[in-house]
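One structure below.
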Amino acid sequence: MTVPRLNQTLIIAAAGFSVALGDVLIKRAAMGTARLSEALRHPLMILAFGLYGLQVALFAYVFLRKWQLGIVALLQMAVYACVCIVIGRIWFGERLTVTQITGMLLAFCGAALMTK
C-alpha cells in the first residue's frame with residue numbers, strides 16, 4: 001500500500017472510529033433515561049456531537065482531495081461496524097452469531113478489495 005493510500009485509509013478509519021465512539025456515547029447517555037429530552041441533556045452528548053464534528057471535518061478533507069465517495073463510505077462503514085461490535089461486546093455485553101462474524105469479515109475483505 002502506498003503512502004497516500006495508507007494516509008487516506010487512516011483518515012477514513014479515524015472518521016469511522018469517531019462516529020462509532022459518538023454512537024457508543026449516545027447509547028450510554030440514553031441507557032439511564034426513558035425520555036429523549038433527558039438523554040439529549042446528558043453531558044456525554046457534548047462529546048458525541050464533537051466526535052460527529054470530527055468525522056465531518058475528516059470527510060471534508062478527503063472529498064477536497066477528490067477521493068471516491070463509494071470507497072470512502074465502504075471503508076468508513078467497515079471500521080464503524082467493527083468498532084461498534086467490539087465496544088458493544090465489551091461495554092454492553094452484546095453477543096454476535098457466527099453469521100454476523102462472517103458478515104463482518106466479508107465486509108472487511110470487500111473494503112480491502114475496493115482500495116486496489
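The values are calculated or read from the model by the stated rules, or taken from the named source; none is laboratory data. Because the structure is a prediction, the values reported are computed rather than measured. Ideal geometry is used to build each Cβ from the backbone, glycine not excepted, and the neighbour counts take in all protein chains shown.
Observations
- Residue match in the stretch 31-53 (condition: surrounded by fewer than 19 Cβ atoms within 10 Å (Cβ to Cβ) and in contact (Cβ under 8 Å) with a residue 40 or more places away in the chain): no
- Residue list for the stretch 34-56, filter: more than 11 Å from G22 (Cα to Cα) and not in a loop (DSSP other than H, G, I, E, B): L36, S37, E38, A39, L40, V56
- Answer residue from the stretch 72-104, given it is more than 17 Å from V19 (Cα to Cα), surrounded by 11 or more Cβ atoms within 10 Å (Cβ to Cβ) and among the aliphatic types (A, V, I, L, M) and is nearest to the chain's Cα centre (by Cα) among those: M104
- Summed over the stretch 105-116, residues that are surrounded by 13 or more Cβ atoms within 10 Å (Cβ to Cβ) and free of Cβ contacts under 8 Å to residues at least 12 places away in the same chain total 1.
- Residue pairs whose Cβ atoms lie under 7 Å apart, sitting 6 or more positions apart in sequence or on different chains, and linking a residue in the stretch 1-15 that is surrounded by fewer than 19 Cβ atoms within 10 Å (Cβ to Cβ) to a partner that is polar (S, T, N, Q) and modelled with pLDDT under 80, are R5/T115; T9/T115.
- In the stretch 4-13, residue nearest to the chain's Cα centre (by Cα) [restricted to those that are aliphatic (A, V, I, L, M) and closer than 16 Å to L69 by Cα]: A13
- Restricting the stretch 4-33 to residues that are of a type in the set (S, T, N, Q) and in a helix (DSSP H, G or I), the residue that is nearest to G88 (Cα to Cα): S18
To keep it simple, each residue is scored yes or no on (1) among the aromatic types (F, W, Y); (2) over 22 Å from R5 (Cβ atoms); (3) touching a His at 6+ places or on another chain (Cβ under 8 Å).
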site	(1), (2), (3)
A29	no, yes, yes
T33	no, yes, yes
L40	no, yes, no
P43	no, yes, no
L47	no, yes, no
Y61	yes, no, no
W67	yes, no, no
A78	no, no, no
A81	no, no, no
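- Of the residues in the stretch 57-64, none is assigned to a helix (DSSP H, G or I), small (G, A, S) and more than 21 Å from G22 (Cβ to Cβ).
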